Structure formats: C-alpha cells, structure tokens
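Asks: Just passing along the structure, written as structure tokens.
The values are calculated or read from the model by the stated rules, or taken from the named source; none is laboratory data. What you are looking at is a predicted structure, and each value in this text was computed from that prediction instead of being measured. Heads up, the Cβs are rebuilt from the backbone with ideal geometry, glycines too, and the neighbour counts pull from every protein chain shown.
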Number of protein chains: 2
Amino acid sequence: MPKVGMEPIRRQQLINATMAAIDEVGLAEATVMRISRHAGVSAGIISHYFGGKDGLLEATMRQILTDLTKAVAVRRDALEDDSARAHIGAIIEGNFDRTQVTGPAAKTWLAFWASSMHKPMLQRLQNVNDRRLYSNLCHQFRRVMPRTEARNAARGLAAMIDGLWLRGALTTEGLNAEEARFLAHTYLDQLLAHYGCQQPASNTYS
Amino acid sequence: MPKVGMEPIRRQQLINATMAAIDEVGLAEATVMRISRHAGVSAGIISHYFGGKDGLLEATMRQILTDLTKAVAVRRDALEDDSARAHIGAIIEGNFDRTQVTGPAAKTWLAFWASSMHKPMLQRLQNVNDRRLYSNLCHQFRRVMPRTEARNAARGLAAMIDGLWLRGALTTEGLNAEEARFLAHTYLDQLLAHYGCQQPASNTYS
DNA sequence: ATTTTTTTATTGAACGTTCAATCAATAAAA
DNA sequence: TTTTATTGATTGAACGTTCAATAAAAAAAT
C-alpha cells in the first residue's frame with residue numbers, strides 16, 4: 001500500500017476517524033486504538049503524523065472551527081443584500097450548516113468545548129473563534145443600533161446559537177436544524193424590530 | 001477520628017471535593033486520589049461510600065441538578081405576583097443563582113453535560129431536569145399565547161439560558177450573572193411583547 | 001525490461017505509566 | 001471487647017508512546 005503523498009490523506013482519515021470515535025463513545029473513551037481502527041490503520045501512525053494523541057485532537061478541533069468559519073464565509077460572500085439583517089442571517093445559517101450540525105461534528109464540538117476549559121491550547125482556539133463570532137455580530141448590529149444595545153444583541157444571539165447547539169448535541173435525534181434556524185431568526189427579528197423596524201424576512205416554519 | 005454517623009458528612013465532603021477537583025483540572029484528570037486528597041481522606045473511602053468513582057460522579061451530578069431545582073423552587077414559592085412573566089422570571093433567576101453560577105458548579109455542570117452524551121445514567125438525570133425546565137416554561141407561556149408559539153418561546157428561552165451558562169463556564173472570569181440575567185429577561189420581555197403586551201418589569205442594567 | 005537499491009509508509013509488540021478498585025491491617029469510639 | 005471508620009500498599013487492566021522490523025513503491029542500475 002505505501003505510496004508517496006500519503007500524509008494529507010492519512011491526516012484527513014484520522015481526523016474523520018476521531019470525530020466518528022468521539023461520536024460513538026465520547027472523548028474519554030476515544031483511545032488511539034479505537035481511532036486508528038476506525039481509520040483502518042495502526043495505532044502508531046497517529047504519533048507519526050500528529051506527534052501524539054494531543055496533536056490529533058488539536059487538529060480535529062482546528063478542522064471543526066475552520067469548517068464553521070468557512071460555512072459562514074460562503075454564505076456571507078453569496079449575499080446580494082448588504083443589510084445588517086442579511087449579514088447576521090448568513091451567520092446564523094452558517095452556524096447551522098449541515099456539515100456542522102450533523103452527528104459527529106456536533107458531539108465533537110461539545111466535547112472539545114468542555115475539554116477546552118482546562119487545556120490552554122484548545123481554549124486558545126475556542127477563544128479566537130468565539131471573538132470572531134461576537135465581533136462580527138457586534139459590527140453588524142452597530143449598523144442599526146447604539147453601541148450598548150448592539151453589544152447586548154450580539155451577546156444574546158451568540159448565547160442563543162450556542163445554546164441551540166448544546167441542546168442539539170445532547171438529544172439522541174440530533175439537532176433539528178430547521179427549528180434551530182427558525183428560533184434564531186425569530187430572535188434576530190425581535191432584536192431588530194426595536195430599531196431598524198424593517199419588515200422581517202419571511203419565516204416559513206410550522 | 002472514626003466516630004459513628006460519619007456517612008452523611010463524608011458524602012458531602014467528597015461531593016464538594018469532586019466539584020473542586022473538576023473545577024481545578026477538569027473531569028478527565030479528576031482522579032480518585034486527587035478528589036480524596038481534596039477532601040482530606042484516603043482514596044479507598046470513595047469506593048466505601050459510593051461503591052466506586054462512577055457512584056461519586058453520579059451523586060455529584062444529582063446534587064447539582066437538585067440544587068438548581070431548589071433555587072428555582074424557592075423563587076417560585078416566594079412569588080407574590082402570579083403572572084406568567086413573574087413565574088418565568090423566577091425560573092430565570094433560579095437558573096442564575098449564585099451557588100449555581102459560581103466557579104466549581106458551573107464548570108462541573110458543563111463537564112457532566114458533555115459526559116452525559118455517552119453515559120446513560122447521567123443522560124437520564126439530564127433528561128429529567130431538562131424536561132422539567134421545558135415543561136414549566138411551556139406551561140407558563142401557554143397562559144399568554146397559543147400552543148405553537150408557547151412551544152417555540154419555551155425552546156428559545158431554554159436555549160438562551162443554557163447558552164449563557166455554556167459561555168459563562170468557559171470564560172476565565174466566570175459567568176457575569178448580572179449580564180446573563182439581563183439578557184434572559186430582555187429576551188423574555190420580547191417574547192411576551194408579541195402577546196400579553198403587559199409592560200415589562202423594569203430592567204436596570206447599564 | 002529486468003534487477004537492485006533507496007526511499008517512504010506502516011506495523012505491532014514491548015515498555016513504562018497511570019488509574020480505579022481491593023482488602024488486610026489499624027485505630028478510634030462504643 | 002466489639003463495632004465502626006479509615007487507611008494505603010497492592011493488583012491488574014488500560015493507555016499512549018516508541019522503535020526495530022517490514023513491506024511496498026520509486027528510483028537507479030544493469
């Protein structure tokens with residue numbers, strides 16, 4: 001089997017296997033053997049490509065966060081409307097993107113979040129992403145309301161988004177993305193209603 | 001030291017020590033030795049009183065959840081006003097109670113939440129508490145709005161509360177309870193504004 | 001084209017560490 | 001003297017890491 005140029009392939013395999021393992025048995029029991037078996041390779045390969053288990057976990061978290069950032073960026077770049085509502089809507093949509101919300105990614109995200117409380121490297125990654133989300137939201141809200149109100153709106157919506165993720169990760173059926181998006185958009189409409197008073201985008205949800 | 005009637009004392013000591021240890025180093029590194037050292041007893045005592053480490057963790061989670069329930073109950077029973085807004089406000093206040101929000105309890109809560117994804121016993125406990133919160137919220141909202149809207153309001157507010165907890169557990173400074181309560185109350189006011197149209201209780205926050 | 005050499009990728013058994021659980025020994029109170 | 005509470009060294013299992021051995025591909029030589 002050994003060919004040249006295996007590195008990127010193996011790295012991706014192992015990252016995917018890590019998410020699958022965490023989805024299956026949780027971070028605590030996601031051992032190197034279980035992960036490597038999932039990827040169809042031996043345990044030693046993890047240290048070879050990632051320097052150790054910690055390196056693999058860090059790379060996995062990095063991927064989840066960059067995927068999330070990309071999902072938002074794609075929707076932002078595709079916007080025709082330049083309104084604050086449209087921008088914030090794109091952030092909401094990106095955060096409830098299919099690839100993010102689906103099983104393995106969501107459970108892994110929560111596991112890392114909890115883990116990052118006591119692992120400085122993971123905490124740093126979490127912080128960077130967190131600040132970007134807040135900063136983006138705040139910037140958009142500031143276009144239609146005063147600073148203090150914008151700050152509170154941004155914090156409220158960020159909490160709402162994370163709360164929906166959190167609850168979605170726990171339910172056995174996984175997150176109902178459609179419902180989550182509806183709730184977040186409705187909240188956004190309420191926040192904007194106090195200032196912009198533009199008519200909310202139509203929300204079709206039953 | 002050995003006296004009679006040590007059991008309830010030791011149990012409480014160990015539960016507190018568990019939260020302290022998780023607050024310090026996280027669930028993954030909260031070993032029986034670290035916990036017992038925190039409580040000033042030997043490692044063997046954990047198996048003696050809780051049947052093993054898992055028993056201690058389960059008891060700790062139970063305590064956190066019952067404390068939360070009590071914090072809500074106290075405020076509900078102290079209500080003079082019987083309005084839906086007052087009831088829901090009591091739920092919010094209870095969820096951001098001092099003892100719940102302060103360091104150890106908050107970090108432990110999040111650690112257990114993540115852990116409960118793959119431990120049936122913890123998941124069961126989480127589910128019971130979760131359903132009660134949702135059920136209470138839903139019941140109160142139904143007093144002032146139709147069923148579908150009440151359901152969504154309950155889910156939204158539950159997500160908001162959990163999201164604020166989640167973000168509070170991660171920040172090094174701990175949760176800013178005052179700000180969290182303000183955001184939750186403001187959201188509640190917005191939800192009610194669409195139906196009851198009673199004037200919101202005055203929120204003083206700068 | 002075929003064989004030999006070199007490089008790259010991978011394995012898996014062995015090692016040292018860490019942990020939870022156990023239980024015989026102990027010590028204080030009843 | 002009996003009962004209750006506690007200890008801590010020991011045990012066995014599980015884990016991540018390491019590394020000599022191996023196997024396949026690529027490159028070089030014939």
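Asks: Being within 12 Å of DNA strand D (Cβ to nearest atom), touching a Ser or Thr at 6+ places or on another chain (Cβ under 8 Å) and more than 28 Å from B:LEU164 (Cα to Cα): is that true of B:ILE45 here?
Replies: Values: within 12 Å of DNA strand D (Cβ to nearest atom): yes; touching a Ser or Thr at 6+ places or on another chain (Cβ under 8 Å): yes; more than 28 Å from B:LEU164 (Cα to Cα): yes.
It is true that B:ILE45 is within 12 Å of DNA strand D (Cβ to nearest atom), touching a Ser or Thr at 6+ places or on another chain (Cβ under 8 Å) and more than 28 Å from B:LEU164 (Cα to Cα).
Asks: Just wondering, is there one or more residues in the range B:85-95 that are within 14 Å of chain A (Cβ to nearest Cβ) and either closer than 25 Å to A:SER115 by Cα or within 15 Å of DNA strand C (Cβ to nearest atom) (or both)?
Replies: Narrowing the range B:85-95 to residues within 14 Å of chain A (Cβ to nearest Cβ): B:92, B:95.
Now drop any that are not either closer than 25 Å to A:SER115 by Cα or within 15 Å of DNA strand C (Cβ to nearest atom) (or both), which leaves B:95.
Yes, there is a match, as at least one residue in the range B:85-95 is within 14 Å of chain A (Cβ to nearest Cβ) and either closer than 25 Å to A:SER115 by Cα or within 15 Å of DNA strand C (Cβ to nearest atom) (or both).
Asks: Would it be correct to say that B:ARG11 is of a type in the set (Lys, Arg), within 15 Å of DNA strand D (Cβ to nearest atom), away from chain A (no Cβ under 14 Å) and under 20 Å from B:THR99 (Cα atoms)? Reasoning before the result, please.
Replies: On the way: of a type in the set (Lys, Arg): yes; within 15 Å of DNA strand D (Cβ to nearest atom): yes; away from chain A (no Cβ under 14 Å): yes; under 20 Å from B:THR99 (Cα atoms): yes.
The answer is yes for B:ARG11.
Asks: Looking at B:PRO8 and the list (1) surrounded by fewer than 18 Cβ atoms within 10 Å (Cβ to Cβ); (2) more than 14 Å from DNA strand C (Cβ to nearest atom); (3) within 26 Å of B:LEU110 (Cβ to Cβ), which single condition is not satisfied?
Replies: Result: B:PRO8 passes all but (3).
Asks: Restricting the search to the range A:18-48, which residues are within 13 Å of DNA strand C (Cβ to nearest atom), touching a helix residue (DSSP H, G or I) at 6+ places or on another chain (Cβ under 7 Å) and under 19 Å from A:LEU122 (Cβ atoms)?
Replies: A:ALA28, A:VAL32, A:ILE35, A:ILE46
Asks: Take the residues of the range B:138-166 that are without any contact (Cβ under 8 Å) to a residue 12 or more places away in the chain and surrounded by fewer than 21 Cβ atoms within 10 Å (Cβ to Cβ): which is nearest to the other protein chains (Cβ to nearest Cβ)? Full working, then the answer.
Replies: Step one: filter the range B:138-166 for residues without any contact (Cβ under 8 Å) to a residue 12 or more places away in the chain, giving B:139, B:142, B:146-148, B:152, B:159, B:162-163.
From what's left, surrounded by fewer than 21 Cβ atoms within 10 Å (Cβ to Cβ): B:139, B:142, B:146-148, B:152.
Values: B:HIS139: 19, B:ARG142: 17, B:PRO146: 13, B:ARG147: 12, B:THR148: 8, B:ASN152: 6 Å.
Out of the qualifying residues, it is B:ASN152.
Asks: Consider A:ALA71 against the criteria (1) part of a helix (DSSP H, G or I); (2) out of contact with any Asp or Glu (no Cβ under 7 Å at 6 or more places or on another chain); (3) among the hydrophobic types (A, V, I, L, M, F, W, C): it satisfies all of them except one. Which criterion is unmet?
Replies: Checking A:ALA71 against (1) part of a helix (DSSP H, G or I); (2) out of contact with any Asp or Glu (no Cβ under 7 Å at 6 or more places or on another chain); (3) among the hydrophobic types (A, V, I, L, M, F, W, C), the one that fails is (2).
Asks: Within the bounds of the range B:177-184, is there any residue that is at pLDDT below 95, surrounded by 14 or more Cβ atoms within 10 Å (Cβ to Cβ), more than 8 Å from chain A (Cβ to nearest Cβ) and closer than 24 Å to B:ALA106 by Cβ?
Replies: yes
Asks: Another question, then. Give the residue, chosen from A:SER135, A:SER115, that is more than 11 Å from the chain's Cα centre (by Cα) and within 15 Å of B:ARG167 (Cβ to Cβ). Break it down stepwise before answering.
Replies: Numbers: A:SER115 fails: within 15 Å of B:ARG167 (Cβ to Cβ).
Only one candidate qualifies: A:SER135.
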